[in-house]
1. Take the alpha carbon atoms of segment 52-88, find their center, do the same for segment 169-189, and report the distance between the two centers in whole angstrom.
2. For segment 1-55, what is the accessible area per residue in Å², given a 1.4 Å probe and the full set of protein chains?
3. Please identify, among Phe111, Phe146, Phe65, the residue showing maximal mean-square fluctuation in a Gaussian network model of the chain using a 10 angstrom Cα cutoff.
4. Looking at the square roots a ≥ b ≥ c of the eigenvalues of the Cα gyration tensor of segment 191-255, which shape do they give, rounded for a/c under 1.5, prolate if a/b is larger than b/c, or oblate?
5. Compute the Cα gyration tensor for the chain, then decide on rounded, prolate or oblate, letting a ≥ b ≥ c be the square roots of its eigenvalues: rounded whenever a/c is under 1.5, prolate when a/b is larger than b/c in the other cases, and oblate in all that remain.
6. For Thr108, enumerate residues with amide H under 5 Å from its amide H, sequence gap 5+ or separate chain, H modeled in the peptide plane.
7. For the chain, modelled as a Gaussian network with Cα springs under 10 Å, which listed residue fluctuates most, Pro186, Pro228, Pro163?
8. What's the carbon and sulfur percent of segment 16-65's accessible surface, probe 1.4 angstrom, rounded to a whole number?
Amino acid sequence: MQFNRAALDSLKADPAASPIHRSLGFYYGNAEHDAALDAFYARFVGPGDLVFDVGAHVGDRIGSFRRLGARVVAVEPQPLCLRAIREIYAGDDDVVAIPAVCGGSTGTVDFYVNSANPTVSTASSDFVRAADGADGWQGQVWDEQFRVRSVTLDSLIAEHGIPAFVKIDVEGFEETVLSGLSSSVPALSFEFTTIEREVALRCLDRVTGLGFKEFDIAMGESMSMTFPEWVGRDEMATHVRELPHEANAGDIYCR
């Protein structure tokens, strides 16, 4: 399934979409990056599968999941990012975009916007505090705030079915997202940062309690697993604790 290139070009040319121009340029139109994404996610996703993309941003992962033949439910609270998803995947009935944060309960939550760098906008006030003054995060400012609807993974499952894979990328809100999941799914990933390692460790405890037993980790946009084979919870926790601060961020994969 190909995305709407005309819509992408229109967004790139629209001054009103300037906060996401960098993301659109980085994530779309790079055939090598797309191939790496597809090869990576093919171990979790196949034709006919359902995927939840929690924190979809401008939807590059949606593109990979669709190329692999999966249906996608994308959860994204930022209006400009939602606009990009809806325009780039217009006419694709197998992409459902939900304007919300995924959290621990249904209702509403505060959302903190980094208007200069929407990639790191978040529903976690703890994340905003952790980034303040941290090495590598200088100059990041969360300068806007709004109230947004909250859904849970359980409510998404009740409405759309059990996903084969859940991708969670929500800038420090991962633990809260996982608190809204009460049953296991075949596989999921959650992002972590070295400024909030304890959040990652609590997420590991949560998913272990849900029945996940095997873990691996991919740093940044490497699309490459770290370990030669899947490891247990304790080995993954030790690895996260020992990462240098400069490692910054990655995604932990669980099955």
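The values are calculated or read from the model by the stated rules, or taken from the named source; none is laboratory data. Because the structure is predicted, anything quoted here is derived from the model rather than measured. Backbone-built Cβ (ideal geometry, glycine too); neighbour counts: all protein chains shown. What goes into the accessible areas is simple: the full protein's heavy atoms, side chains included, and nothing from ligands, DNA or RNA. Shrake-Rupley method; radii C 1.70, N 1.55, O 1.52, S 1.80 Å.
1. 17 Å
2. Roughly 49 Å² per residue, with all protein chains present.
3. Highest fluctuation among the options: Phe146.
4. Working: a/c = 1.76, a/b = 1.23, b/c = 1.43.
The shape class here is oblate.
5. On the way: a/c = 1.34, a/b = 1.14, b/c = 1.17.
Because its axes are fairly even, with a/c under 1.5, the chain counts as rounded.
6. Residues meeting the criterion, in which the H sits 1.01 Å from N, are Ser150.
7. For the chain, modelled as a Gaussian network with Cα springs under 10 Å, the answer is Pro228.
8. Working: 960 of 1760 Å².
Carbon and sulfur atoms account for 54 percent of the accessible area of segment 16-65.
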